[in-house]
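Remarks on the structure that follows.
The values are calculated or read from the model by the stated rules, or taken from the named source; none is laboratory data. Remember, it's a predicted structure, so these values are computed and weren't measured experimentally. So basically every Cβ, Gly included, is an ideal-geometry build from the backbone, and we count neighbours across all protein chains shown.
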Amino acid sequence: MRRDSRCPDTPSSSSIATTASWESLREAATSGHGDKPARSTTTPWTDALERTWISDPLEPWLPGFNHLGRLATSAKHHLADPALACALLSLDEHDLIAGKGATPAVPRDGVFLGALFESLVALTLRVFAQAAEATIGHLRRRNGDHEVDFVLSGHGGRRVAVEVKLSALVEDHDVRHLLWLKGELGDELTDMVVVTTGRHAYRRQQDGVAVVPLALLGP
């Protein structure tokens, strides 16, 4: 199938691990083009990529209760494998370490390598969740004051909240959203985890948050 040069990558490779809107994706993928494609033009591409599991968006976690406040309902953009984003953007490991790959038109927190790491964690957790017959989603309040990268829900109402950090060091600031969710859910939140790039797994004594390197993550 030939690709229409006016049709943006859907989702744009640079939007990995964001909830960027369709308008933001279109602007990022067609920067400098005067003839922008309409939504009706790009929607078939989006549908085709999702049907073939190339695009694999992560849906929001929307619990049946509402005391968490107004939650965002946009999915997070992910590809089947974050390596696809690197290939499409022609980035290698040196580019990523140097901080290349960011697209100003697609708002994100942190460097692009961090987004790819989060996407790799998403891929891993989805495999484990499927094996455990659990569901997985992301949580973000509409005002943006709290968000959690992943919330897994399993049998018996068990829930595990997971944050991702592109570092081996976890500080108090990195667990604030997990602790907020624990304060809201209480015993309904079974565990809290930060997935890192480190070498050792441990549990923080001050708040009980588990710190687990991705290389040691298992079901």
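Odds and ends about this structure:
- Yes/no for E118 being touching a His at 6+ places or on another chain (Cβ under 8 Å), closer than 25 Å to R199 by Cβ and either crowded, with 17+ Cβ neighbours inside 10 Å or free of Cβ contacts under 8 Å to residues at least 40 places away in the same chain (or both): no
- Pairs, first modelled with pLDDT under 90 in the range 68-81, second of a type in the set (D, E) and buried (at least 16 other Cβ atoms within 10 Å of the Cβ), C-beta under 6 Å, six or more apart: H78/D56; A80/D56
- Subset tally (residues that are touching a residue at least 12 places away in the same chain (Cβ under 8 Å) and of a type in the set (F, W, Y)) for the range 177-219: 1
- The single residue among D174, D149 that is in contact (Cβ under 8 Å) with a residue 12 or more places away in the chain, among the acidic types (D, E) and assigned to a strand (DSSP E or B) turns out to be D149.
- Looking only at the range 186-219, residues that are more than 22 Å from the chain's Cα centre (by Cα), at negative phi and either part of a helix (DSSP H, G or I) or crowded, with 19+ Cβ neighbours inside 10 Å (or both) come to 2 in all.
- The residues in the range 127-146 that are among the small types (G, A, S) and part of a strand (DSSP E or B) can be counted, and the count is 1.
- Residue match in the range 137-159 (condition: of a type in the set (V, I, T) and over 19 Å from T19 (Cα atoms)): no
- Residues satisfying the stated conditions in the range 107-132, i.e. more than 11 Å from the chain's Cα centre (by Cα), modelled with pLDDT of 90 or more and of a type outside the set (A, V, I, L, M): T124, R126, F128, Q130
- Restricting the range 153-185 to residues that are among the acidic types (D, E) and surrounded by fewer than 17 Cβ atoms within 10 Å (Cβ to Cβ) leaves a set whose member that is farthest from F117 (Cα to Cα) is E184.
- Looking only at residues in the range 23-67 that are of a type in the set (K, R) and modelled with pLDDT under 75, the one that is surrounded by the fewest Cβ atoms within 10 Å (Cβ to Cβ) is R39.
- Here T135 fulfils each of the conditions (1) surrounded by 18 or more Cβ atoms within 10 Å (Cβ to Cβ); (2) among the β-branched types (V, I, T); (3) under 13 Å from W61 (Cβ atoms) apart from (1).
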